[in-house]
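Okay, so here's the structure we're looking at.
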Amino acid sequence: MVINCNSTTIDLSEGHVMGVLNVTPDSFYDGGKYKDLNVIVTHAKQMLEDGATFIDIGGASTKPGADDVDEMEEINRVIPAINAIKQHVPKAIISIDTTSSVVAEKAVASGASIVNDISAGTFDDRMLAVVASLGVPYIAMHIQGTPKTMQKKPTYKNVVDDVFRTMETFRDRAIKKGIQQIILDPGFGFGKTLSHNYQLLHHLDKFQSLGHPILVGASRKSMIQKPIDVDAENALNGTTVVHTIAALQGASILRVHDVKEAVQVFKIVNFMNQQSSQTSSS
């Protein structure tokens, strides 16, 4: 699928990397690291240099147990960051990570060109209509509950089928509202047990039948930490393994803290696929 971001056309067929830039004090891995605008710009430039196609800016932590953030506080965190990045790197493609339609509107007005919504429009009744009016790509993620409650007792009859059907509903609602560019995210770690996450990863290719690019956000999460008994700081190798599985299962975008390594994942998977196609045609 091809998406259009502020007149920049991006073909997602070979995989792209979205670099995470949290301007929050409490995100699970990089909370508090990026307060100063010079540091924010430097980090964004480095991620772009390392091969990121997108920079995803978030002003409200969505880690398990996270409290809601006041809308004005979220705006005060993200808008200066977007403005600073666009001033120094005008062609940067910025995604705004928010569940608020007001924040989304202000972020796009400041230069963001993608809306990344962990609630797929379920936390804000205006979100889908606002995104449709903005005409930007929309990332709709699956979540059970809210960040505050989602890990208390996530329950499914069949996690793969249940998430698939819910995402199908999200897609249909977004299309009905007039959103033309939709990216789907199964929501690793958002209202899922460790087993749920790996069942979804194993069957990720099933979600391609929904007809939209798939984004995977698993970078350094507890689903990676727990099986190999490491903390987030030491979860890069495990993250790369999970990213490789996701890419092999058809993920179009990897949302990551470590851009260079994720870019290498796609390079190797794409190279392997090219060699495979040459073998089958010879």
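The values are calculated or read from the model by the stated rules, or taken from the named source; none is laboratory data. Nothing here was measured: the structure is a model prediction, and the numbers come from that model. Because the Cβ atoms are built from the backbone with ideal geometry, glycine has one as well, and the counts that use them run over all protein chains shown.
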Residues of region 46-70 being within 15 Å of residue 20 (Cβ to Cβ) and either in a helix (DSSP H, G or I) or in contact with a Leu (Cβ under 8 Å, 6 or more places away or on another chain) (or both), which ones? 46, 47, 48, 55, 56, 57, 58
Subset of region 208-237 [touching a Gly at 6+ places or on another chain (Cβ under 6 Å) and more than 27 Å from residue 165 (Cβ to Cβ)]: 228
Among the residues of region 107-116, which ones are within 20 Å of residue 76 (Cβ to Cβ) and under 16 Å from the mean Cα position of the chain (by Cα)? 112, 115, 116
What residue, of 136, 103, 130, is β-branched (Val, Ile, Thr), surrounded by 18 or more Cβ atoms within 10 Å (Cβ to Cβ), touching a strand residue (DSSP E or B) at 6+ places or on another chain (Cβ under 9 Å) and over 21 Å from residue 171 (Cβ atoms)? 103
Restricting attention to region 224-255, which residues are among the charged types (D, E, K, R) and surrounded by fewer than 18 Cβ atoms within 10 Å (Cβ to Cβ)? 226, 229, 231, 233
Take residue 13 and decide whether it is crowded, with 17+ Cβ neighbours inside 10 Å, closer than 30 Å to residue 223 by Cβ, in contact (Cβ under 8 Å) with a residue 24 or more places away in the chain and of a type in the set (Ser, Thr, Tyr). no
What are the residues in region 70-86 that are in contact (Cβ under 8 Å) with a residue 24 or more places away in the chain and surrounded by fewer than 23 Cβ atoms within 10 Å (Cβ to Cβ), if any? 71, 75, 77, 79, 80, 83, 84, 86
Quick test for you: out of 27, 13, pick the one residue that is at pLDDT below 95, under 17 Å from the mean Cα position of the chain (by Cα) and assigned to a helix (DSSP H, G or I). 13
Residue among 262, 247 that is touching a His at 6+ places or on another chain (Cβ under 9 Å) and small (Gly, Ala, Ser): 262
Given the criteria crowded, with 24+ Cβ neighbours inside 10 Å and among the hydroxyl-bearing types (Ser, Thr, Tyr), does residue 98 qualify? yes
So if I check each of 221, 192, 152, which one is surrounded by fewer than 22 Cβ atoms within 10 Å (Cβ to Cβ) and basic (Lys, Arg)? 152
Name the residues in region 128-157 that are at pLDDT 95 or above, of a type outside the set (Gly, Ala, Ser) and in contact with a Phe, Trp or Tyr (Cβ under 9 Å, 6 or more places away or on another chain), would you? 128, 131, 141, 142
I'd like to know if region 171-181 contains one or more residues that are within 19 Å of residue 100 (Cβ to Cβ), part of a helix (DSSP H, G or I), of a type in the set (Val, Ile, Thr) and modelled with pLDDT of 95 or more. no
Sort out which residues of region 122-151 are under 28 Å from residue 10 (Cα atoms) and either of a type in the set (Ser, Thr, Tyr) or touching a Leu at 6+ places or on another chain (Cβ under 7 Å) (or both), and write them in order of number. 122, 133, 138, 139, 140
Kindly list, by first and then second residue, each pair from a residue in region 114-126 that is within 19 Å of residue 215 (Cα to Cα) and in contact (Cβ under 8 Å) with a residue 12 or more places away in the chain to a residue that is among the acidic types (Asp, Glu) and buried (at least 21 other Cβ atoms within 10 Å of the Cβ), limited to pairs with Cβ atoms under 6 Å and residues at least 6 apart or on different chains. 116/56; 116/97
So residue 269 ticks every box in (1) under 15 Å from residue 141 (Cα atoms); (2) in contact (Cβ under 8 Å) with a residue 12 or more places away in the chain; (3) over 17 Å from the mean Cα position of the chain (by Cα) but one. Which box is left unticked? (1)
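Residue 187: assigned to a loop (DSSP other than H, G, I, E, B) and touching a His at 6+ places or on another chain (Cβ under 7 Å), yes or no?
Details: assigned to a loop (DSSP other than H, G, I, E, B): yes; touching a His at 6+ places or on another chain (Cβ under 7 Å): yes.
Answer is yes for this residue.
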